[in-house]
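Note sheet for the following structure.
The values are calculated or read from the model by the stated rules, or taken from the named source; none is laboratory data. Note that the structure is a prediction, hence the values are computed from the model and not measured. Because the Cβ atoms are built from the backbone with ideal geometry, glycine has one as well, and the counts that use them run over all protein chains shown. We work out accessible area using only protein heavy atoms, side chains counted, and drop any ligands, DNA or RNA first. Shrake-Rupley method; radii C 1.70, N 1.55, O 1.52, S 1.80 Å.
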Amino acid sequence: MNTITDILATMDYGKAPEDSAIVRDWLKTHEGGFGHFIDGAFTAPGETFEVFSPASNELLARVTQGTEADVDTAVKAARKAQPAWAALPGHERAKYLYAIARHVQQHARFLAVLESLDNGKPIRESRDADVPLVARHFYHHAGWAELLEDELPGTAPHGVCGQIIPWNFPLLMMAWKIAPALAAGNTVVLKPAEYTPLTALAFAEIAAEVGLPKGVINIVTGDGQTGAAIVAHKGLDKIAFTGSTEVGRRIRRETAGTGKSLTLELGGKSPFVVFADADLDAAVEGVVDAIWFNAGQVCCAGARVLVAESVARRFEELLEQRMRQLRVGDPLDKNTDMGAIVHPVQLERIKGLVDKGVAEGAELVQGTAPEGCFFPPTIAMKVEPASTLATEEIFGPVATVTTFRTPEDAVALANNTKYGLAASIWSENVNLCLDIAAQVKAGVVWINCTNVFDAGAGFGGYRESGFGREGGREGMMAYLTHPKPKAKKPEAAPSAPVGQPGEALPGAGARIDRTAKFYVGGKQARPDSGYSYPVQGGSGPVGLAGLGNRKDIRNAVEAAHKAKGWGKATGHNRAQVLYYVAENLSARAGEFAERLTSFGASKGSAQAEVDTAIRRTFWYAAQADKFDGAVHQTKSAHVTLAMHEPLGVMGIACPTAQPLLGFVSLVLPAIAMGNAVVALPSQTHPLAATDLYQVFDTSDLPGGVVNIVAGERDVLAKTLAEHDDVAGIWYFGTRDGGRMIEEASAGNLKQSWVEDGAARDWLSKDGQGRGFLHRATQIKNIWVPYGE
Ligand code: NAI
C-alpha cells in the first residue's frame, strides 16, 4: 500500500471513477438503435453504424446513417415549423431557450458522462468546461431572442439552417450552432459527427422534454455523405459548418451560386507566444491548456509555441517537467488530465504526421500514455518553420517549440501560416501584448490566457480558418439577414468588350476625347495588352477604356498590398482624406454629371447620381472613425475587445448601371475601413469611375489604396477571386458571374459578397449603410485579463 510520503513523491494516487450507471441505463433503453430526431420525434432506426467509446473500445450504440430521403424529411419538417417559430414574440422563443438551459443544467452530470464516454475527453473537462458552456450558451441566447427587435432591428432570420458539426466538442458545437439560430427565429437540421453523435441525440430528448415545438430542431445522424446531402439540399437557406478546412472548401464550392448563406469555422495552427518577461510558470500552465486540453483536438489549440530565446531553456525545462506530470488514461477517472483520442482513424493521422515530422528532423519529448486509442503529450523540438509539424494541423496533443529573438521575429513566425483562428500572447508588459495582438492575423487573441470561450464573445477566424463568428452580437448576425433587395429584372451580362490596338478609335471623330488608362499604385497605367475598348454613349462611342487582363490585376493587387499602411492609419486620418475626396468631387460635380449624360443619362438623373455620390462620400468619411467595436461582457474576468479590422486587400466588381454611384457606394466603405481595393468599374461605362483618379490624386489618398482596372468584368473578377493575396471580394453582377466568384473564392476561402448588380437602386437607402462597413471588416476579439 502507498504511504502518504509515496503518494506525495509520485502523485500517483488511486482511481476516482465517475459513476456511469445512468448513462449505461439510458443506452440500454436504446439497444435497438437510434433513429433520427425529426419533427419532434425519433424515427425508427434505419441502416445503422456502430459508435464506440474510444478509451475502452466498447460498443456504446447503433446510430442511423442518414440518407438523402431522411435529410429531405428533416428539411421539410424544419420548413413547416419555421414561420410559426419566427412569428413567436422573441419573449416566447426566449422562454424555450431558458428552459433548454435549465434542463441542460439538470442533466449536467448525465451529459458530461455521455460526452466523455463517446468522445474520450476527461470527465473534468466535459463536466467543468463543455456542459457549463452549453448551458451558458442557451441562457445568453435566450437573452438575444428577448432583445432581438430592439437590439438588431430590421433583421430577419434566414429560414431553415443546415448545420454540420465536428467531434471535438460535440455538445458544445451543437449549442454554438443551435442557440443563436433558434434565438433569431430559424429552424435547424443538424448533423453531429459520426464518431460522436450521442449527446446530440440525448439533447433531442431534452428538446422534446421542454416541449419545443416540433420541427424546430431536427437531428439527422450519419457520416460525410449525410453532411453532403444537407449541403446539397435545395430547401435550405443557410449552411453553417465547423470542421476541416478541406471539407469547408468543398462546401464553399458546392454552395456557390445557390444563394445559401454560409459560415465556416475551420482549422487552425495557432501560435502561443512567450516573451522573455512572461510569468513562465503561468505560461507553462497556459501551454497545458492550449495543447493538452482535449488532447489537442481543438481547432484553436496553441499548437506552435514560440518562445523568446533568452528564456527558452528555462521554459522548456519547466514545460517538460509539467508535461511529465500529466495523467493520460480513463476519461471517466476524475484524476485524468488527458483522455483518449476520439477514434483510431484520428490516432493514425496524428501518428502519421508525427512520424513525418521526425523524418524531417524533429526531436520529440514525450510523456506516457496507455495502450489503445491514446497518444502521449508531446513536445516537438528542432522544427523548421516550413516543416510538416509546424504547418499542418495535427489535431492531437503535439506542440512544437520554436525560439525567436525580437518581437518582429515573433510576429513573423506567428503569422507564418495559412490559418488565422487564434493566438495567445504571454508577457507582463501589457503594451507589448496589445502591440502584438494588433499585428497577429487571428480572429481571437488571448493575452496571458488561452482557450477561454464565452457565449458573449465572437469566435471565428481570419484567412483559411473560415468566416463568420459564433457567440456574442457578431454571432447573432450570422443567423440574421437584412431583407435582400430583389432585382425586377436580373442584371444581363454585358457583351464582351472588343479590344482594339492602341488608343485611337478609327472614324470616331471628335466625340472621343481621350482613352482612360488604369489607375494602379497611385499612377496611371497602360493596359498590359496594349488594347482598348470603345465605351458607348447615348449616340455612339464616347471614349475608350483600357482592356485589362490577368497581369493588370496582378499588378494592381501588388500595388494594393504595398498600400496596406492605410489600414494602420487612424480612423481620423482616413476620415480627413475621405472628406477631402468628397470636397474635390463636389468641386468637379458638373464634369461628372456631364460625363454621365454623355452615356445617355438624363440631366436630372445624372445630377442626382453625382449629388448622391458626393453625400455618400461624406457619409463614409464620417464613419471612418465611428464604426466602433465593442467590449463584450464575458463571464470570466476579462475585458474582451471586439475590434473591427480591415480585411486587407479587397476586390470589388461594380454593377453595370449607375456607374459613378455604384463605384462610390462600394469602394468608399471599403477604404473608409482601411482596406486597399482593386476595383473593376462598370464594364459598359467605366469612364465615370476612371475619371475619379483625378479626384483621388488631388485628395492625398495614398497611392495603391484604390486601384482601377477596366475590361471584361467576369474575366477580371475571376482572377481577383482566385488570387491568394486578396482577402475579400464583392461582386455585383450577373447570377452566373456570382456563382463563378463564390466557387473561385474557395481557394484561400476569402470572404465573398455576391449580389445581382441590378438589385439595388444606388440612389436609395439600399445603397448605403453600416451593412457595407460590416462586410468590409472582420472582428478580432482580444481577451485581456481584468478585474480579478
Ligand atoms: P471533417 O471536416 O471531415 O468532419 C467534420 C464534419 O463534417 C463531420 O460531421 C463530418 O461528417 C462532416 N463531413 C465530412 N465530409 C463532408 C462533406 N463532404 N459534406 C458535408 N459534411 C461533411 O473532419 P474529420 O475528417 O473528422 O477530421 C479531419 C481533420 O479535420 C482533423 O484531423 C482536424 O485536423 C480537422 N478538424 C478540424 C475541426 C475544427 O473544429 N476546426 C474539427 C474536426 C476536424
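Couple of notes before you dig in:
- Scanning the range 748-759 turns up at least one residue that is under 25 Å from SER529 (Cβ atoms) and touching a residue at least 40 places away in the same chain (Cβ under 8 Å).
- Of all the numbered requirements in (1) within 29 Å of TRP167 (Cβ to Cβ); (2) more than 16 Å from the ligand (Cβ to nearest atom); (3) crowded, with 23+ Cβ neighbours inside 10 Å; (4) of a type outside the set (Asp, Glu), VAL288 misses one, and that requirement is (3).
- The C-beta contact set for the range 407-435 (first residue within 17 Å of ARG304 (Cβ to Cβ) and of a type in the set (D, E, K, R), second residue within 16 Å of the ligand (Cβ to nearest atom) and part of a helix (DSSP H, G or I), distance under 9 angstrom, 6+ apart or interchain) comprises LYS418/THR245; LYS418/THR391; LYS418/ARG463; LYS418/GLU464; LYS418/SER465.
Residues are listed down the side, and each one gets a yes or a no for (1) on the phi < 0 side of the Ramachandran plot; (2) open to solvent by 30 Å² or more (accessible area, probe 1.4 Å):
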residue	(1), (2)
GLN607	yes, yes
PHE618	yes, yes
LYS635	yes, yes
ALA642	yes, no
HIS685	yes, yes
ASP700	no, yes
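- Members of the range 513-556 that are out of contact with any Ser or Thr (no Cβ under 8 Å at 6 or more places or on another chain) and assigned to a strand (DSSP E or B): VAL520, LYS523, GLN524, ALA525, TYR531, TYR533, PRO534, GLY540, PRO541
- The set of residues from the range 707-733 being among the charged types (D, E, K, R) and assigned to a helix (DSSP H, G or I) comprises ARG713, ASP714, LYS718, GLU722.
- Within the range 144-161, considering residues that are open to solvent by less than 30 Å² (accessible area, probe 1.4 Å) and assigned to a loop (DSSP other than H, G, I, E, B), the one farthest from TRP176 (Cα to Cα): LEU152
- The residue that is surrounded by the fewest Cβ atoms within 10 Å (Cβ to Cβ), among those in the range 461-488 that are among the charged types (D, E, K, R) and within 12 Å of TRP144 (Cβ to Cβ), is ARG473.
- Residue list for the range 644-672, filter: open to solvent by 10 Å² or more (accessible area, probe 1.4 Å) and either closer than 20 Å to THR570 by Cβ or β-branched (Val, Ile, Thr) (or both): HIS644, GLU645, PRO646, LEU647, GLY648, THR656
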